[in-house]
Each structure stands twice: as structure tokens, then as C-alpha cells.
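I have placed the structure first, in the form of C-alpha cells, so that the comments after it can refer back to it.
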Amino acid sequence: MTASPFQVAAGGVRVAVRVTPKASADRVRGVALDQAGVAWLQVSVTAVPEDGRANKAVTALLARRWRVPKTAVEVVQGATDRRKTLLIRDDDPAGLATRLDDWLRDIERKSGEAGG
């Protein structure tokens, strides 16, 4: 598995996300490392980056994928930037981080099967 964009934090899990707005479809494209070696979860949404629409689309998409309430997912840094930090609030951050890492491995496995 590549490096994880998930980090256990007080009250939940922080997620490093790189958003592409105005895409052709809403989807999670996997993880990419930047030049500093930081892992970013790549997410594309059809929403425009105006009036918080893209942020709302990202949080709704990820809440659905992760099976958590939409109210549990919040943009805590980078609201007007493509690179954002989300906080997923949860009473068991370590358990949630494990679940998210498993989810990430699963989508990477599926994308590898589709490409190979």
C-alpha cells in the first residue's frame, strides 16, 4: 500500500485531500505523493469551486464512501484551496483509521485489477 493520507487526531481522523473540481464525475482516484512525500487522497467532483459547493460535494462523497454521517466530515484547513485537510469526527479514531486504511487498500486493489 502507498503512504496513508489518514492520521489519527484528537476526536477523529485527519485526511489530506487534493480536490479536482468541475470534473466529469464524482470519484476517488487514489493516493498520490507530493514532492515532500506527503500522501494526498485524490478526489474529483463535478461541483464548481464557488460558494463552498465543491467542499460540500467532497464531504458528501467521502461520507457516503466511508459510511459515516455527513455531519462527521468537516473541512478544517484549505477551504479555498485544492489541498484540504478534513476531519472525520469519531469516538474511536484508531478504529476508524484502520477501517479507512482497509478501504484504501481495497480501492487500490480494485484499480490494480482494472488496469492490469
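Bear in mind that the values in this text are calculations on the coordinates, not laboratory data. Everything quoted here is computed from the prediction, not taken from an experiment. A quick note on method: Cβ atoms are made from the backbone with ideal geometry, for glycine too, and the neighbour counts reach across all protein chains shown.
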*Compare Leu96, Leu61, Leu33 in a GNM of the chain, Cα atoms joined below 10 Å, and give the one with the largest fluctuation.*
Leu33
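Cα-based count: Lys pairs in segment 6-115 below 17 Å, eight or more positions apart or different chains? All intermediate terms of the calculation are to be shown ahead of the outcome.
Numbers: Lys22/Lys56; Lys22/Lys84; Lys56/Lys70; Lys56/Lys84; Lys70/Lys84.
So the count of such lysine pairs works out to 5.
Order by neighbour count: Ser44, Ser24, Ser4, Ser111, fewest other Cβ atoms within 10 Å first, most last. Mind showing how you got there, number by number?
Working: Ser44 20, Ser24 8, Ser4 16, Ser111 13.
Ranked by crowding around the Cβ, least crowded first: Ser24, Ser111, Ser4, Ser44.
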*Starting from the Cα of Ile107, step 7 Å along the direction of its Cβ; do the same at Asp34; then give the gap between the two resulting points in nm.*
1.9 nm
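Could you give the C-alpha radius of gyration of segment 6-115 expressed as a fraction of 2.2 N^0.38 Å, taking N as the number of residues it contains? Intermediate values should be presented prior to the final figure.
Values: Rg = 13.3 Å, N = 110, 2.2 N^0.38 = 13.1 Å.
In units of the globular-protein estimate, segment 6-115 measures up at 1.02.
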_Long-range HN-HN contacts of Gly30 with modeled amide H, under 5 Å_ = Gln42
